[in-house]
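A quick write-up on the structure given underneath.
The values are calculated or read from the model by the stated rules, or taken from the named source; none is laboratory data. None of the values given here were measured: they were computed from a predicted structure. Please note: Cβ atoms are built from the backbone with ideal geometry, for glycine as well, and neighbour counts cover all protein chains shown. Only protein heavy atoms, including side chains, enter the accessible area calculation; ligands, DNA and RNA are left aside. Shrake-Rupley method; radii C 1.70, N 1.55, O 1.52, S 1.80 Å.
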Amino acid sequence: MSRTVPSAPSDDYGFGRPFDRAGTGSSKWARATGPGVIAMGLADMDLPGPPAVAEASERRARHRAYGYTVCDPAGRGLVARWYRSRHGVEVDPDWVLLLPFGPRTAVRLLLEAVRPAAPVVFPTPEWGGFAQVCRAAGLPYRELPLVICPGDGYHLPPGPLLPQPTGAVLLSNPHNPSGRVWPAAEVGTLAEAAVEAGALLVSDEVHGDLTHPGHAHPVAVTAVREQHRHRVVTLNSVGKTFNASGLPSSFALVPDPGLRARLLDTMAGFGFWEGGLIEQTVLQAALGEGAPWLDALLAHLSGARARLTDHLGPAVRSTPQASYLLWVDAAALGLPPATAREALLERCGLEASDGAEFGPGGDGSLRLNYALPRPTLETVLERLQRL
């Protein structure tokens, strides 16, 4: 379902005004050292989050008892309704697990639950967390080099996709770092290859609700053939969508009841149970009341994307269709590929993510985060004139 977002009064939510994160312990700004440096590296937003989330958190905090909290099963139905209203797909509430940790931990615990005997495979360039999780779990992994098509972003390579056997396949959907939405046909092709290789496909869709107007986000567990669903898991979180990444929570869509049970057992062994006190409060407020804010956010992000891609032109490797991340060719910007991050910082006072963090396919690239208030974005555009 391609979603059209009407023009939204983003200034009602403060996107058009300066927003200062000083004194909040922001990881993103802590690594952007130096006077006047603008942080564009880590993937969280420099924008005020939904009022409903702040109000719900304040109400719960006033109670002053923060003890063990049971999982509210109503959250599963709320997640299912969200997928129906935002993406036009049917999710069985029984598939939903409400997790008190972030998606990276969810990936690790899923790998612990299935304990694959064969290598884990993921595309490259790709978010560096997949490789880090595999190393921490002591699991061998292989990278699947993507093919970039001028004007159309990254695609799966032709020919056989996966070695036989493969233990698990990890996918950022939409693609991180480029922001390309994986089409349903390509998700289905990868799922079929995973089934043939005896693997579980884990689709990390934390940027999926940030799909820009005019594009559709295929949810992996519903985009594949029904007979393949038992080999597919979708992970999501309100963290990226609603600027709440510092509150570790996520949810998983796990159609296979046996895998759900194994994951819950694995979680318990690490001291985790479904639910969470603040996690549930934030999820219910975000999914229950945050849609108007999200519509305004998407209008703001698509406008910022247009400004930056128009300015940077052919340096943009893949025009984003989702999220707030811009993947650029350092050499096309006139930056030395091997030291592009340092050069951009020195010349423009802009801090970015080094493409090398995204595996071999990321060498010579930079990732910029444009989830910025309008005045900050204007400053970024002015500074880019120095290149």
### Task
Quote the FRET efficiency, to the nearest 0.05, computed for A268 versus A136 with a Förster distance R0 of 22 Å and r equal to the Cβ-Cβ distance.
0.65
### Query
So, in nm, how far is label R115 from label R225 when the simple model puts each one 7 Å beyond its Cα toward the Cβ?
3.1 nm
### Message
Is there a quick way to get the dipole size of the chain? I mean about its Cα centre, with the Cβ of Lys and Arg at +1 and of Asp and Glu at -1; what is the value in debye to the nearest 20?
### Response
360 debye
### Query
What is the packing order of peptides 175-182, 81-88, 194-201, taking the mean over residues of other C-beta atoms within 10 Å and listing the highest first?
175-182, 194-201, 81-88
## Note on the structure
Note on the chain: contact order normalised by length, alpha-carbon pairs under 8 Å, 6 or more apart, percent, works out to 26 percent
### With every protein chain in place, the range 139-200: carbon and sulfur % of accessible area (1.4 Å)
61 percent
### Task
On the protein heavy atoms, probe 1.4 angstrom, tell me the percent of accessible surface of the range 61-134 carried by carbon and sulfur.
55 percent
### Query
If you take the charge dipole of the chain about its Cα centre, with +1 on Lys and Arg Cβ and -1 on Asp and Glu Cβ, which of P165, L235, S249 is farthest toward its positive end?
S249
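Just order 371-382, 141-152 by mean Cβ neighbour count inside 10 Å, highest at the front, would you? Don't skip to the answer; put the middle values down first.
Details: 371-382: 17.7, 141-152: 13.7.
The peptides rank, most packed first, as 371-382, 141-152.
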### Message
For the range 193-309, what are Rg and Dmax over the alpha carbons, in angstrom?
### Response
16.6, 48
### Query
So, by mean Cβ neighbours within 10 angstrom, what's the order for 18-31, 118-131, 271-284 with the highest one leading?
118-131, 271-284, 18-31
### Task
Write down the accessible area per residue of the range 117-171 in Å², having rolled a 1.4 Å probe over the full set of protein chains.
42 Å²
### Query
Which shape class, rounded, prolate or oblate, goes with the chain when its Cα gyration tensor gives a ≥ b ≥ c as root eigenvalues, a/c under 1.5 marks rounded, and past that a/b bigger than b/c marks prolate?
oblate
### Query
In deg cm²/dmol and to the nearest 500, what is the mean residue ellipticity at 222 nm of the chain if only DSSP H runs of at least 4 residues count, each as -39500 (n - 2.57), divided by the residue total?
-11000 deg cm²/dmol
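Please compute the per residue accessible area over the range 188-335 with all protein chains in place, 1.4 Å probe, rounded to a whole number of Å².
Working: 4730 Å² over 148 residues.
Accessible area per residue, the range 188-335: 32 Å².
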### Query
Given a 1.4 Å probe and every protein chain left where it sits, what share in percent of the accessible area of the range 297-387 is carbon and sulfur?
47 percent
### Query
What is the range 300-387 by shape, rounded, prolate or oblate, if you read a ≥ b ≥ c off the alpha carbon gyration tensor as root eigenvalues and call it rounded for a/c under 1.5, prolate for a/b larger than b/c, and oblate otherwise?
oblate
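Report for the chain the percent antiparallel among DSSP-assigned beta bridges with both residues inside it, nearest 5.
Numbers: 19 of 37 bridges.
Here the share of antiparallel DSSP bridges comes out near 50 percent.
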